[in-house]
Structure formats: structure tokens, C-alpha cells
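Okay, structure first, notes after.
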Amino acid sequence: MALLQIAEPGESAAPHEHRLAVGIDLGTTNSLVATVRSGLAVVLRDELGRPLLPSVVRYHADGSVEAGYEAQAQQALDPRNTIGSVKRFMGRGVTDIANREAMPYVFEDSPGMLRLQTVAGVKSPVEVSADILRALRLRAEAALGGPLVGAVITVPAYFDEAQRQATKDAAKLAGLPVLRLLNEPTAAAIAYGLDNAAEGVYAVYDLGGGTFDISILRLSRGIFEVLATGGDSALGGDDFDHRIFCWIIEAADLKPLSVEDASMLLARAREAKEYLTVHGAAAISARLSSGERVDLQLTTAIFAEISQTLVAKTIQPVKKALRDAGLSVSDIKGVVMVGGATRMAQVQRAVGEFFRQDPLNNLDPDKVVAIGAATQANLLAGNRAGGDDWLLLDVIPLSLGLETMGGLVEKIIPRNSTIPTARAQEFTTFRDGQTALAIHVVQGERELVSDCRSLARFELRGIPPMVAGSARIRVAFQVDADGLLAVSAREQASGVEASIVVKPSYGLSDDEIAGMLKDSMAHVKDDAQQRALKESQVDAQRLLEAVRAALAADRELLAAAELARVEEDIVKLESAALADNRRQIMLAMDDLEADTKDFAARRMDKSIRRAFAGRNIKELEVDSAASKSGETA
Amino acid sequence: MAVTLSERAASHVANFMIKRGKGIGLRLGVRTSGCSGMAYKIEFADSAQADDVEFESHGVRVLIDPKSMPYLDGTELDYAREGLNEGFKFNNPNVKDACGCGESFNV
């Protein structure tokens, strides 16, 4: 007998046509899966009633795989083959991983993304994530009684193309159709129903086990736009445990501890922290292996004091994110709390004081992202509630553009553009007879390619030879609803075309993104100067090319003295273009232009004479009508 | 005869209604479809129809359209857990046979 759920009025599904969809919070430390049941978003628990699935996967020599609590329990025994925090490796190269020496894994560099060596063979982070997603899929199918039509999977707002693509690939590998990737802060805002709330700016404060993220979102016309993100990838609830641990050692005046004693006290510290979220004081008692007893009383006041600097460390990125968004505290309409560590009273208080309002905290902060994802999955799967026809859009975290002459970035899609989106721009050739164009796709806010992240390169070949600047090459950027980028280039006259779907070499770390955003603010002036310099260098090269071509064709039109002067100007401009002085370049260009002005006029006369020679007026009229738009070479 | 809710089913319905924030009760019904002829309908009710047959069971108002009534008479709606799955279950004395999954049935 099938178990049925209550539908909205008039929306009962036909038998066997329930569209089962889930939301998945694929976390660094823990993952969750949620669904909408009888109109209510709930987290699906495992056989033992546990809502979380630790994001840990263990590989065995016989090829079998464990994911979740079983794997986590063996992490200390088999560290090399038990992979945790794999989210930090998604879409990254080996060199992207900070302090990898401290990790027990055997890394292997490989183009695109790093790999991990295990007894079951070499695993990519995508495969490890797929094993976590597969465990969640099986849990969901058991709980819902059938195969899923799809899932909404959440990713951090700062995830770039590579990391998003890696997440999608993992889902595919796990046999899970992806309805949409959704930004984590956006999911949290949806869980609180902010999408139905009044328009305005909201802050999402996400303090997890090991990471801190702050996002500033603007809701307008049902669209959440990420105005700014920030955070600290090495700050979380675990640091608070460690503060208590240090306090225990100091207060009880303990000598250096054995590994077992240390991990036991750390566990006591965590228990005390959790106890203090609802009580005023926690007793910490333990017996060390030496027989020594620890008996301490930790009050909320002491805890607040010893963790003060940690709490303050979260406020710094909040201020910065507000500054990046160009907003002040008074612009924030609501604050959403996400992550188990936000249960701590001192965190609630500090956030409340900073934003001068009580944060939204009545949903379980561990589940809020999964619940928001489930709500959206339910809509996308077609089980939408009548009348609530809202369309939810996400935005691009960093600008997308391409490299132009001189290593400059031409931004095609500015950051915070809502997706899906498509934009196109026309480019042209730089040299006479140029038949190919290298297209280098980059992501970032800076003016120079060298300061941005390279995403992909491809070439458009087969451009018909033309005079420099006359080819019209349309480059189109298209970003789909999941934030994945496709770039195509097409020469308009001949129709030759080339395109690429960006599966970038590897992604950016959140620190890098934060750093890149900061750099772009700090270097606005620098960048403008750099850009001007590069542009004048490009202009200089273009002028040199033109003059050289003209000399090659019509050298005889110049008197010896004139020719000498032009050649001298060329040498001067060549050396100026190599140096970093924009003024010098401009002066040298002015000289060369002045000295070739007559030359250009003479060439023009010559070509006109040549065109007109031996023809009568009538022929000329026909000819000019036929080539009205043509250029005289 | 009547249509009733088990105590467990009633408390789940009441809970879902509170979370939903609106509605006057539960609407049950049958319609012709599915592999064995008929399928159950279970929905939140935001309004009652003039010809609805009404029952009250453990504080929950149950609305049934008159056409469905003959097929549901005597049914008890239960809330059951099967492994990880949970949901509402129709214990319907009128059913002669059901399809394998029980989502549709024949009287």
C-alpha cells in the first residue's frame, strides 16, 4: 500500500506521477537531504534517525565504499583512504590547496583537477562527492518510495564555474538529475520565506564547523542578487571548541597532554559548548590517563570572554562585505543565521548588536540551507503551489570577459548579472590578413588579464584575410541557469564559428575571490593607469604596423629626407612602446603621425589616380554604386 | 457509516495545517485513473462545497464530495511509517483489488 502525502487543493498527482524532488546541502563537513512532504519541507533522516550525513568517504581495497558515519568512525585508523572535506578540493588543482602537507592524503596533480590516491585506485574529488550524493540519493529514495526526478544542490555563492561544473558532474555520476545549483545563502533566505517578503537587502551569516561566510543579498522582483560575499575559510565552530580546550588546560594547570587525553578533552570542550547554548553554565569533568582529575565550571560569561576575539573575527568580513556592497548597517532589512555555530549566545548577541536587530533564528541553522533547497526543488519539479509563480534567479559571482590586445580584459558579463544571461560583443582583427583569433576567457574584476583567473582558451580559425579592423567577429557569452558558461565566436562575413563550453582548468579559492574583489577596489586607480598605458602601447603597435605596410607598398612617394625622418620616428616609437611611460609613447606617436601625414595624403591621391585611370565618368558611377561601402586601399 | 481518521493521522494533519498556516480541513476523494481504475485524492481544503459530505474526526474536519462518498464509506485514514518512508494510508473496506503499489484500486 502506497503512503500518500497531502496535496494542495486541486493538485493531487495522478497515481505513479508524483514528482519526487529533493534539496541537497552538500557541505564541507556534513551533508543533508530534504524534501517537501504534505506541503512541509523536512530533512530526511537515516535508519537511526540522524539528519546529517558526515561528508566523509572511505575506500576499501576490495572496491567497496562507505560514506557517512561509518567512514567518519574510521578516519583516524585509515586516514589515507578516508576522505573528508572534499568540497575544498572540488574544481581545484594541487597548488590551490593550502597546507596540503598537513593533510593525510596522497595528492596527484592532473590537468584540470587534483586526484587522490587510495587503495581503491585514484579518485577525483568529483567521484568522492558523487559517493556522498549517492548515499543521500539512496536515503531519499528509501524515504520517498521511488526514484527522484531531480535535486537542487546548494553551492557557496563564491563557487566559480569550475567548482559548479565539478558539483554538477558529481551529481551526474551519482545518478542524480540536477534541477538547479542554488547559492547557499539564497537557499537559506528561501527557507525563511524571504522570497515572499518585502523587497530589500538581507544578510546571511553562515558560521559552520570550519568555515565562515557572509553574503549580502538583495531581493527585488523575486530575484535574489548577491551584492557581496566575504568570509574566512578557516574559522568555524571548531575554533570555539579549541578555545575552551585551551581554557581547560590553563584553568586546570595541565602539563602537556597525550594524544588520547587531548582528544578526550576536546570532546568535553565541544559538549560544554553545546550545553551552553541553552544553559548558563556547564560542568567539565574528566579523568586523565595520569589519574589527574579535571573539575571545572564554564559559565556563559567566561565562554563569551575567551571567545571574544573569534566572534570579532567574524564581524570584520561582515563590515567588508557591507562596504563592498556600498551599504551600511541601516540598509539591512533582515539577518539570516545559518550553521550550527550560530546557536552560541555570544554569536547571536554580537550579530544582533552589529546589525541593530534580532537575527532570524527560529529554523534549525544546520538544516536551513537544505530546507530552502527542498522548497525550490519542489517548485522546479513542477509541484508548484498555485499562484506562487515565482521565478528565482541567481547571479554571477565574478565578471566574465576575454583578453584583448595588450593583455587587457574586456568584461562581457559584469559580476552580479542575473542568470541565465547571454551577451555578445563584436571584435575585430589586429593585423592585415589575420586569419585566426585566439580567444582567452577570463574571470575577475581587474583590468589586466594577469590579475584575473584564466578559464579557457580557444581559437577561431578560417577568418578570410582582410585589412586589419575590417573583420567583424561576434563573441557571445552564455551562462545557463546553473552558472555554467558557453562562449562562441563567429566571423560575420564568412560564418566561420568556434565555441567552447567552459570546463575551466580549475577554480578559485574563496580567499582568492575575496582577495580579487579587494584588489579590484584597491587598484582602481592603478588599473586605470595600467589600462591607459597598455592601450597606448597597443595603439603604438597598430600605428607602426600601418606605417610599415605603407612604406613597403609606396616607399617611392617619399623623398630621402622624409623617409629618414619617418624611419627615425619609427625607431623612437618602437623603443617608447617597450618602456612603461605612456607620455613618451603618446609623444612619439604624435611625431610619427605628423611626419607621415603628407605621405598618407600622397598615397591616397595615388590610389585614386590608379582607380580612375583610363575610365570614363559613366563607368565610374556604376563602379561606385556597386562598392559604396567598400574601402579604398 | 462514516470516514474517520486514526488518532495518529489526525495529529499529523493538524500539524501540517498549522505549518501551512491556512485551510479549514482535509479533502478526501477518489477519481478514475491509474492502473486499477481509481485513485485516492488527499488534499488540504481551503473551502467547503455546498454538497460536501462532512465528518469530524479527532478535531479534524474531513470533506468528501458526494460522488466519491460511496467508494470511501467506512474508510479509516491512517498515518504509517514503512522503513524510512512515511505517509497516509487508506484502510478502505470497499477495495476489491489494488495495483501492486496500492496507488490505485478497484471496487
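The values are calculated or read from the model by the stated rules, or taken from the named source; none is laboratory data. Keep in mind it's a predicted model, so treat the numbers as computed, not measured. Here Cβ is always computed from backbone atoms with ideal geometry, including for glycine, and neighbour counts include all displayed protein chains.
Among the residues of the stretch A:197-225, write down those that are surrounded by fewer than 24 Cβ atoms within 10 Å (Cβ to Cβ), touching a residue at least 60 places away in the same chain (Cβ under 8 Å) and of a type in the set (A, V, I, L, M). Residues satisfying the conditions are A:ALA197, A:ALA198, A:VAL201, A:ILE223.
Listed here are the residues, each with its yes/no results for (1) touching a Lys or Arg at 6+ places or on another chain (Cβ under 8 Å); (2) modelled with pLDDT under 90.
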| position | (1), (2) |
| --- | --- |
| A:HIS60 | no, no |
| A:MET103 | no, yes |
| A:LEU116 | yes, no |
| A:LYS123 | yes, no |
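Of the numbered criteria (1) in a helix (DSSP H, G or I); (2) within 10 Å of chain A (Cβ to nearest Cβ); (3) farther than 30 Å from A:GLU47 by Cα, the one B:PHE16 fails is (3). For the list (1) free of Cβ contacts under 8 Å to residues at least 24 places away in the same chain; (2) under 24 Å from A:GLN348 (Cβ atoms); (3) among the hydrophobic types (A, V, I, L, M, F, W, C), I need the number of the one condition that A:ALA262 fails. So the condition that A:ALA262 fails would be (2).
Under the condition of being surrounded by fewer than 18 Cβ atoms within 10 Å (Cβ to Cβ) and not polar (S, T, N, Q), the residues counted in the stretch A:113-140 number 5. Kindly provide the set of residues from the stretch B:44-61 that are in contact with an Asp or Glu (Cβ under 8 Å, 6 or more places away or on another chain) and aliphatic (A, V, I, L, M), ordered by number. Passing the criteria: B:ALA48, B:VAL53. Screening A:ARG243 on (1) closer than 21 Å to A:VAL338 by Cα; (2) touching a residue at least 40 places away in the same chain (Cβ under 8 Å); (3) surrounded by fewer than 22 Cβ atoms within 10 Å (Cβ to Cβ) shows it passes everything except condition (1).
Of all residues in the stretch A:37-55, those satisfying the criterion of being in a strand (DSSP E or B) and more than 11 Å from every other protein chain (Cβ to nearest Cβ) are A:VAL43, A:LEU53, A:PRO54. Of the strands (runs of 3 or more DSSP E) lying entirely inside the stretch A:416-485, the ones with 1 or more residues being β-branched (Val, Ile, Thr) and in contact with a strand residue (DSSP E or B) (Cβ under 6 Å, 6 or more places away or on another chain) are found at A:421-427, A:437-443, A:473-479. The set of residues in the stretch A:24-36 being more than 13 Å from chain B (Cβ to nearest Cβ), surrounded by 23 or more Cβ atoms within 10 Å (Cβ to Cβ) and not aliphatic (A, V, I, L, M) consists of A:ASP25, A:GLY27, A:SER31.
Of the candidates B:VAL62, B:VAL30, the single residue that is within 11 Å of chain A (Cβ to nearest Cβ) and in contact with a Phe, Trp or Tyr (Cβ under 6 Å, 6 or more places away or on another chain) is B:VAL30.
Is it the case that A:LEU288 is over 26 Å from A:GLY210 (Cβ atoms), among the aliphatic types (A, V, I, L, M) and either surrounded by fewer than 17 Cβ atoms within 10 Å (Cβ to Cβ) or touching a helix residue (DSSP H, G or I) at 6+ places or on another chain (Cβ under 9 Å) (or both)? Spelling it out, A:LEU288 is indeed over 26 Å from A:GLY210 (Cβ atoms), among the aliphatic types (A, V, I, L, M) and either surrounded by fewer than 17 Cβ atoms within 10 Å (Cβ to Cβ) or touching a helix residue (DSSP H, G or I) at 6+ places or on another chain (Cβ under 9 Å) (or both). The set of residues from the stretch A:167-222 being in contact with a helix residue (DSSP H, G or I) (Cβ under 6 Å, 6 or more places away or on another chain) and among the β-branched types (Val, Ile, Thr) comprises A:VAL178, A:ILE190, A:VAL201, A:VAL204, A:ILE214, A:ILE216.
Can you pull out every residue in the stretch B:38-52 that is crowded, with 16+ Cβ neighbours inside 10 Å and either more than 10 Å from chain A (Cβ to nearest Cβ) or free of Cβ contacts under 8 Å to residues at least 24 places away in the same chain (or both)? Listed by number, the residues that qualify are B:GLU43, B:ALA45, B:ASP52.
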